[in-house]
Amino acid sequence: MSSFIDSARVSFESGKGGKGSASFHREKHVPRGGPNGADGGKGGNIVLLADRGKRTLLDFRLNDHYKAGNGTDAHGNKRGRDGDDLVVHVPVGTMVVRDDETIADLAQDGHRFVVAKGGRGGRGNLHFTSSVRQAPTIAENGEPAETADVRLELKLLADVGIVGLPNAGKSTLISVCSAAKPKIADYPFTTIVPNLGVVQIGDKSFSMADMPGLIEGASSGVGLGHQFLRHVERTKVLIHVVDVFPLDESDPVANFTTVESELKLYSEELAERPRVIALNKIDLSPGVGIESIVARFEAFGHPVFAISSAMRKGIDPLLFKVVELLEREEAKPSPIVVRPAPLEAADEPWEAAIEEGAYVVKGRRVERMVEMTNLSNSESLRYLHRRLQRMGVIDSLRDLGAEDGDTVRIGDWEFSFVEGG
């Protein structure tokens, strides 16, 4: 069974922040000696790092949960220690998908993406001094950890993709062009995982991928379907290999149009990708003129080459043409985009509603504010109430009909509604 894995669901959890400290130093004529509470340590981030040394996503099938280190609590005026970041290596070409939206495309070696941001350390009471609050006992809890449940998808990064029906000779072609060693047999056989190789022709080189055989209906998921087509998207040039003497005696032109139709159904852009047509297995010619077959394919408007991968005939002219097309494509702007992906907006909205007889306030910003409040401290509770007032939460609850003593639920916490702070 192959170990090539190109898709995995993974849960990443950052570290939570440490608690801030409420403490006082000794100083003459300063109430309680003056506040000097330090901040808690920041939680660790989870960072995805594109690494050319990784080839598949198999590791994520074996371990689908990753967690960074937590920040430690502050002690007196000593700041808490930051949690360790967790750097997770992924193959170059990995895309990060959350809720069916691509949030990152790690298309180059060394690309980094923070998939789960560590929680901020809670502030110590030193931050809460003011002209009217000279000896605050307020200290924040650390910010909660952030969890990102995502799907990782791997799209191979190859300059050239070899496409065609199963058994057209794609694996043999890449084996004679490069050092790749795909499994090849003397009986009908189809590749089920992509094979990568580096091709050297003259003083030029490029990477080539032999893709799994494409069958009718692949664009809608039949056979290997999207698993195949996802990898083809990355390539700059295609080599469409056609068996000119198929064992089932089918029409090579009809076979060619079947594959081309599936490419177009999957992506119009992919259908426009530069390509060359490699008419393979000419060594099996039963006396039929190859020239007439070549003429039929030239009508499609692509460069056509008659080759025999098994006999290594016609390979060099084909590769020199591929290099020419690659150089044209590489002069154009790269189609690969790295998408910015803030996990949450700083001004994320909140909403208040009535649910099951209680007033419920929802919104990550508000819920995080409550989580970071030391609810056992009366001064901290009053401070939270004033912040909710400034945000308009109290007015919104009042407009919904909330009165003194009514239950208000924020996240995992329940409170009694009060008019005054």
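Considering the range 245-282, the residues that are at pLDDT 85 or above and of a type in the set (Phe, Trp, Tyr) include one that is farthest from residue 172 (Cα to Cα), namely 256.
Within the range 399-421, residues that are touching a residue at least 12 places away in the same chain (Cβ under 8 Å) sit with their Cβ atoms under 6 Å from residues that are among the basic types (Lys, Arg), at 6+ positions apart or across chains, in these pairs: 421/382; 421/386. Residues in the range 293-312 that are more than 15 Å from residue 257 (Cβ to Cβ) and either part of a loop (DSSP other than H, G, I, E, B) or small (Gly, Ala, Ser) (or both): 295, 303, 306, 307, 308, 309, 310, 311, 312.
Go through the range 352-421 and tell me which strands (runs of 3 or more DSSP E), entirely inside it, have 1 or more residues that are of a type outside the set (D, E, K, R), surrounded by fewer than 17 Cβ atoms within 10 Å (Cβ to Cβ) and in contact with a Pro (Cβ under 7 Å, 6 or more places away or on another chain).
Correct list: empty, since no element meets the threshold.
Count of the range 285-302 residues, restricted to those that are exposed (fewer than 14 other Cβ atoms within 10 Å of the Cβ) and in contact (Cβ under 8 Å) with a residue 40 or more places away in the chain, is 2.
The values are calculated or read from the model by the stated rules, or taken from the named source; none is laboratory data. The shown structure was predicted, so the numbers you read here are calculated from the model rather than taken from an experiment. For neighbour counting, all protein chains shown are included, and Cβ atoms are generated from backbone atoms with ideal geometry for every residue, glycine included.
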